[in-house]
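Q: After the structure tokens below, expect a handful of questions from me.
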Amino acid sequence: MRKLALVPPALAAVQLAAQAQMLTPAWVEVGDGGRAIARVVVTQGSGCPSITADGATVMMTPRLPAPQGFQPVCEAVIPPGTRSARVGGQALALPHNDPSRIAVIGDTGCRIKGKEVQNCNTDWPFEQVAKAAAAAQPELVIHVGDYLYREDACPAEESKKCAGSPHGDNWESWNADFFKPAAKLLASVPWALSRGNHEDCTRAWRGWFYYLDSGGWSGAVCNSMPAPVTVKLGSFQLVLFDSSAVKAAADPAQVKAYAAELKMLDVSNAWLVDHHPFWAVKPGKDGAKPSSETDALQQAWDQVSPKGINMVLSGHTHLFELLSYGAQRPLQIVAGDAGTSLDKGVPHQINGADIYGVMVEQSEDEDEFGYTLLNRSASGWALSLRDPKTKELLSCSIEGGKAKCK
């Protein structure tokens, strides 16, 4: 990935003209070490726009090669210390050190797969959730994975729900499922992005690595288990942990690989962001009792007992869930409630349950669409779960890895 380069005035005029061909707002995401990466999707052949950063005109470069079926994306690393930056008339949302207001969303796409068809045309809430989250004016958005759910063509018998919907790993589907509904939130807040199983090596991996992954791009092969990415924004730290490939049943080789990745972490008071929960509970089917997931991650954690993680933010289960284990384990939050069809809530009592050897001290479970807002407090964090109309569904105080909710 190239750093920003100064643009001669004549070339700058040409580059600025290309900004009319932008297909998305320019967005900023955070990557390894906390570097800020600006990106924008443009029309094929229109060239990359330029950025004005602290008064200097700098240029973006194409991320190459563009996969077949995808509109190109342009990118640039924004130098540390940049106070303001613009692409055309749009101000870029630059990262804050020690962000104090953070929105968390996940599992956002509209499901079209086999006989599972969501009403994408009139009753899919992600755009409303994204706009509500933007209105809350967070300083960072965390997405816990699963962006693209339009896997199959819309069945003829479901035309009222999804007629005309694109499908598959291509620009049209990524635009419909993510870029278009998330546009306001993309433009107004920097993002930290995690990969979900819908972006694994059998599904929408090209769109993930090309458009959203913060690392380099070769276009050649899919990496099923990239190394963790540590983001540092002042004293605030995130670990973006790729669990997209985890298997339902624990595989010894996979457990070993995840344990090695956890062992390499060197953080303090950090949040680990991944897609599959480490110690959450998934609802049982047909009246069965709920069960914990995912064995491979749980076993990997227990093998190395990593230090410096005090909260795990995940998705995958399509609801909101909070499980507090006291001092024995980081707080687990599941935020898979921002768009795709919801799972039923867990009907059984979780408090006091044994989840992989540790008792749950405090738990909350909500099967309504929404987003999670975390505000820094004097002693920790205040959590507010809000629906698409910004109504508060739940409030909790988080201190020292413990949560108290009302």
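What follows is calculated from the coordinates using simple rules that are stated; it is not laboratory data. Since this is a predicted model, take the numbers as computed values, not measurements.
Q: Pop out the ³J(HN,Hα) list for the stretch 367-375 in order, Karplus 6.51 cos²θ - 1.76 cosθ + 1.60 with θ = phi - 60°, rounded to Hz; leave Gly and Pro as x.
A: Whole-Hz 3J(HN,Hα) from phi for the stretch 367-375: 10, 10, 5, x, 9, 10, 10, 10, 10.
Q: Output the pairs from 131/344; 184/344; 282/344; 307/404; 115/247; 247/402 with a Cα-Cα distance over 20 Å in this structure; if there are none, say none.
A: Working: 131/344 25 Å; 184/344 29 Å; 282/344 9 Å; 307/404 23 Å; 115/247 24 Å; 247/402 29 Å.
Among 131/344; 184/344; 282/344; 307/404; 115/247; 247/402, the Cα-Cα distance tops 20 Å for 131/344; 184/344; 307/404; 115/247; 247/402.
Q: Using Cα atoms only, what is the angle between the long axis of helix 295-304 and the major principal axis of the chain, expressed in degrees (0 to 90) to the nearest 10?
A: Rounded to the nearest ten degrees, it is 90.
Q: What would the Debye formula give as log10 I(q)/I(0) at q = 0.07, 0.09, 0.10, 0.14 Å⁻¹ for the alpha-carbon point model of the stretch 101-405, no solvent?
A: Scattering profile of the stretch 101-405, log10 relative to I(0): -0.24, -0.41, -0.51, -1.06.
Q: If Rh is defined by the Kirkwood formula over all Cα pairs and Rg also comes from Cα, what ratio Rg/Rh do you get for the stretch 291-337?
A: Working: Rg = 11.1 Å, Rh = 11.5 Å.
Value, to two decimals: 0.96.
Q: Looking at the square roots a ≥ b ≥ c of the eigenvalues of the Cα gyration tensor of the stretch 272-406, which shape do they give, rounded for a/c under 1.5, prolate if a/b is larger than b/c, or oblate?
A: Working: a/c = 1.57, a/b = 1.07, b/c = 1.46.
Cα axes put the stretch 272-406 in the oblate bin.
Q: Over the chain, what is the percentage of antiparallel beta bridges among all DSSP beta bridges, to the nearest 5? If you can, show how the numbers build up before the last one.
A: Working: 65 of 86 bridges.
DSSP beta bridges in the chain are roughly 75 percent antiparallel.
Q: In Å³ and rounded to a whole number, note down the convex hull volume per residue for the Cα atoms of the stretch 135-202.
A: In the stretch 135-202, the Cα convex hull volume per residue is 108 Å³.
Q: Taking Cα pairs under 8 Å and at least six residues apart, what relative contact order does the chain come out at, in percent? Show your work: numbers first, answer last.
A: Numbers: 1051 pairs, mean separation 61.9, N = 406.
Computed value for the chain: 15 percent relative contact order.
Q: Please report, to two decimal places, log10 I(q)/I(0) for the stretch 228-273 at q = 0.19, 0.24 Å⁻¹ as given by the Debye formula with identical point scatterers on the Cα atoms and no solvent.
A: Computed log10 I(q)/I(0) values: -0.63, -0.86.
Q: Mind checking the full-extension length gain between residue 100 and residue 225? Use 0.36 nm per residue of separation minus the Cα-Cα distance, one decimal, nm. Please report the intermediate quantities before stating the final value.
A: On the way: separation 125, 0.36 × 125 = 45.00 nm, distance 3.06 nm.
Contour length minus the Cα-Cα distance gives 41.9 nm.
Q: Hey, another quick one. What is the stretch 171-322 by shape, rounded, prolate or oblate, if you read a ≥ b ≥ c off the alpha carbon gyration tensor as root eigenvalues and call it rounded for a/c under 1.5, prolate for a/b larger than b/c, and oblate otherwise? List each step's numbers first, then the result.
A: On the way: a/c = 1.41, a/b = 1.20, b/c = 1.17.
The shape class here is rounded.
Q: For the stretch 91-134, what does the convex hull of the Cα positions come to per residue, in cubic angstrom? Walk me through the numbers before you get to the answer.
A: Working: hull volume 5.0 nm³, N = 44.
Once divided by residue count, the hull of the stretch 91-134 is 113 Å³.
Q: Follow-up question, since we're still on this one. Using only Cα atoms, tell me the angle between helix 252-263 and the longest principal axis of the chain; keep it within 0 to 90° and round to the nearest 10.
A: 70 degrees
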